[in-house]
1. Of the residues Ile79, Ile90, which single one is modelled with pLDDT of 95 or more and not charged (D, E, K, R)?
2. I need every pair where a residue in the stretch 27-38 that is under 14 Å from Lys5 (Cα atoms) and in a helix (DSSP H, G or I) has its Cβ under 7 Å from the Cβ of a residue that is at pLDDT below 95 and of a type in the set (A, V, I, L, M, F, W, C), sequence separation at least 6 or different chains.
3. Being modelled with pLDDT of 95 or more, under 21 Å from Asp9 (Cα atoms) and either within 13 Å of the chain's Cα centre (by Cα) or part of a loop (DSSP other than H, G, I, E, B) (or both): is that true of Lys44 here?
4. Testing Ser67 on (1) surrounded by fewer than 17 Cβ atoms within 10 Å (Cβ to Cβ); (2) in a helix (DSSP H, G or I), one condition comes back false. Which one is that?
5. Counting only residues that are within 20 Å of Gly64 (Cβ to Cβ) and either surrounded by 14 or more Cβ atoms within 10 Å (Cβ to Cβ) or under 9 Å from the mean Cα position of the chain (by Cα) (or both), how many does the stretch 5-29 have?
6. Checking the structure you have, find out if any residue of the stretch 39-59 is loosely packed, with under 14 Cβ neighbours inside 10 Å and either touching a residue at least 12 places away in the same chain (Cβ under 8 Å) or among the hydrophobic types (A, V, I, L, M, F, W, C) (or both).
7. Residue by residue through the stretch 1-32, note down the ones that are of a type in the set (Val, Ile, Thr) and under 18 Å from Gly62 (Cα atoms).
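The values are calculated or read from the model by the stated rules, or taken from the named source; none is laboratory data. A quick note: this is a predicted structure, and the numbers were derived from the prediction, not measured. We place every Cβ from the backbone using ideal geometry, glycine too, and count neighbours over all the protein chains shown.
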Amino acid sequence: MNDVKKTFDTINKIVADWDPLGVGETIAEDEYAGYIPEIIQVMKNDQSLFEYLSQILANELGRGFDSTDMKHVEGLKSICDKIIRAYMDI
């Protein structure tokens, strides 16, 4: 498997496991795949990744993101950390 496909698949799996819409594992891998190229572009900076994912939650998925709610912040930071760690391991 080439590195680009491996990177895409690895990150897509993390986002699908996160599944912020709760669509289920089978649908999630397709549901969020469109976001993966941009995630790959911004993930080299954890703050950029955090901002991008929070924007997706609030503006595109309609899930809302409250930057004053520590549960929201910590949950999103955890996903960002997983994505960055996985990318570094590829």
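1. Details: Ile90 fails: modelled with pLDDT of 95 or more.
Matching residue, one of Ile79, Ile90: Ile79.
2. none
3. On the way: modelled with pLDDT of 95 or more: no; under 21 Å from Asp9 (Cα atoms): yes; either within 13 Å of the chain's Cα centre (by Cα) or part of a loop (DSSP other than H, G, I, E, B) (or both): yes.
In short, no.
4. All conditions are met except number (2).
5. Just the residues of the stretch 5-29 that are within 20 Å of Gly64 (Cβ to Cβ), to begin with: 15, 18-23, 28.
Those still in the list that are either surrounded by 14 or more Cβ atoms within 10 Å (Cβ to Cβ) or under 9 Å from the mean Cα position of the chain (by Cα) (or both) too: 15, 18-21, 23, 28.
Qualifying residue count, the stretch 5-29: 7.
6. The answer is no, given that none of the residues of the stretch 39-59 is loosely packed, with under 14 Cβ neighbours inside 10 Å and either touching a residue at least 12 places away in the same chain (Cβ under 8 Å) or among the hydrophobic types (A, V, I, L, M, F, W, C) (or both).
7. Kept after step one, since they are of a type in the set (Val, Ile, Thr), are these residues of the stretch 1-32: 4, 7, 10-11, 14-15, 23, 26-27.
Matches in the stretch 1-32: Val15, Val23, Ile27.
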